[in-house]
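Visitor: Pasting a structure here, questions to come.
The values are calculated or read from the model by the stated rules, or taken from the named source; none is laboratory data. On a predicted model such as this, the values are computed, not experimentally measured, just so you know. Cβ sites come from the backbone with ideal geometry, for glycine too, and all protein chains shown count toward neighbours. Calculation scope for accessible area: heavy atoms of the full protein, side chains included, ligands and nucleic acids excluded. Shrake-Rupley method; radii C 1.70, N 1.55, O 1.52, S 1.80 Å.
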Amino acid sequence: MNPNVRRLPMTALGVLFLAVMLFPVYWMVNSSLQSSSGATTRDWFPLDATLSGYAKAISEQGQNFVTSLLIALGTVVLTLVVATPAAYGLSRFRSRGTNTFVLVLLITQMIPAMVIANALYPLFNSLFLINNVFGLILANTAAGIPFAVLLIRAFMGSIPRALVEAAMVDGAGQLRAFVSVVVPISKNAIVTAALFTFLSAWSDFLFALTLTSTPEVRPITLGIYDYISANTQDWDTVMATAVLASVPAALLLIFAQRYIAAGAVAGAVK
């Protein structure tokens, strides 16, 4: 039997699974292009498409988009500034407590975000970081650093020590060797960690719900949550807001998918 014929059932099954997974995305976009009506009374195709929902979403949720963008970008920068040298130190300078520390990082990944948010609230309240963009950046950074360290460390551990030693023989110090040799080689892992950190901060809901209470500091996730309760009959605007909130993550994944694949596979193999 022709190999292509044998693969047809699996191909058809894969297409079916893909259609099922993408249908909510299609319905979200489809609903955002139709005029206001009940969520279950939409047409299958937006024959009379309108962008009024997007215009209203931008005007009413624009500040929330900017807040989320500031939080996500700030979290990425702060996380990488801490996680990259920490990962290098754990991979190159082995000490007696290194494995224990790595184990602690792994355990922190199992702590529910709600527990962390509740623990941070009294601390942030005493430091006047409630209803503060920098406070949300710190909270998301605290949650993102362990994963970033583990991912980048797994890649840096595979870098031949001879490369760093050669740079030091040429006169470079530890810092110069790290910046000029290790960081460029680890680009895939660093970009992968940055992307996952951005996506986590962009989609954060629990920290925002726990650490904010004013509309002036409200990320888009919390904005959508409040928006649904106030606009249960205005579904085109609600769906338009959801579509716009998905755009940054989708664009990042499209443009950086090769870095994600290379960095994730390298970390997994190590």
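Visitor: Within the stretch 147-173, what residues put their amide N at less than 20 Å from the label point 7 Å along the Cα-to-Cβ vector of V104?
Guide: Output list for this probe position: 147-154.
Visitor: Does the chain come out rounded, prolate or oblate by the C-alpha gyration tensor, with a ≥ b ≥ c the root eigenvalues, rounded set by a/c under 1.5 and, if not, prolate when a/b is larger than b/c and oblate if not?
Guide: Verdict is oblate for the chain.
Visitor: Let me ask something additional. Take the alpha-carbon centre of the stretch 85-109, take the same for the stretch 134-191, and report the distance between them in whole Å.
Guide: Distance between centres, Cα-based: 13 Å.
Visitor: Using the heavy atoms of the protein chains and a 1.4 angstrom probe, tell me the accessible area per residue for the stretch 41-193 in square angstrom.
Guide: The answer is 55 Å² per residue.
Visitor: Using amide H atoms built 1.01 Å from N in the peptide plane, name the residues 5+ places from Q34, or on other chains, whose amide H lies under 5 Å from its own.
Guide: T50
Visitor: Right, next: Going by alpha carbons, how many degrees (0 to 90, nearest 10) lie between the helix axis of 220-230 and the longest principal axis of the chain?
Guide: Tilt of helix 220-230: around 20 degrees.
Visitor: Just to verify a number: what accessible area does T11 come out at with the full protein assembly present, 1.4 Å probe, Å² rounded to tens?
Guide: 80
Visitor: Quick one: what are the phi-derived ³J(HN,Hα) couplings along the stretch 188-204, Karplus 6.51/-1.76/1.60 with θ = phi - 60°, whole Hz, x for glycine and proline?
Guide: Listing the rounded values in order: 4, 5, 5, 5, 4, 4, 5, 5, 5, 5, 4, 5, 5, 5, 5, 9, 4 Hz.
Visitor: Whenever you get a sec, line up Y54, Y26 from highest to lowest accessible area (probe 1.4 Å, protein heavy atoms).
Guide: The residues order as Y26, Y54, largest area first.
Visitor: So, in nm, how far is label L16 from label V179 when the simple model puts each one 7 Å beyond its Cα toward the Cβ?
Guide: Here the modelled spin labels are 5.7 nm apart.
Visitor: Now a separate question. What list of ³J(HN,Hα) values in whole Hz, one per residue of the stretch 119-126 in order, does the Karplus curve 6.51 cos²θ - 1.76 cosθ + 1.60 (θ = phi - 60°) give from phi, with Gly and Pro shown as x?
Guide: These are the phi-based 3J(HN,Hα) values: 6, 6, 4, x, 5, 5, 5, 6 Hz.
Visitor: I've got another one for you. Under a 10 Å cutoff between Cα atoms, tell me which one of T50, T241, T67 has the largest fluctuation in the Gaussian network model of the chain.
Guide: T50
Visitor: May I ask you to give the percent of accessible area on the chain that is carbon plus sulfur, with a probe radius of 1.4 Å?
Guide: Heavy-atom surface of the chain belonging to carbon and sulfur, 1.4 Å probe: 71 percent.
Visitor: Heads up, I need the accessible area for D204: 1.4 angstrom probe, whole protein in place, Å², nearest 10.
Guide: The value for D204 is about 20 Å².
Visitor: Also, quick follow-up: Over the heavy atoms of R153, what accessible area does a 1.4 Å probe trace out, to the nearest 10 Å²?
Guide: 50
Visitor: Oh, and also: If you build a Gaussian network model of the chain, linking Cα atoms that sit under 10 Å apart, which residue out of L136, L211, L251 swings the most?
Guide: Result for the chain, Cα springs under 10 Å: L251 fluctuates most.
Visitor: First measure r as the distance between the Cβ atoms of V115 and V25, then evaluate 1/(1 + (r/R0)^6) with R0 = 35 Å and state the FRET efficiency to the nearest 0.05.
Guide: 0.65
Visitor: On to the next question. Sum -39500 (n - 2.57) across every DSSP H segment of at least 4 residues in the chain, then divide by the residue count to get the 222 nm mean residue ellipticity, nearest 500.
Guide: The helix-only estimate for the chain comes to -24000 deg cm²/dmol at 222 nm.
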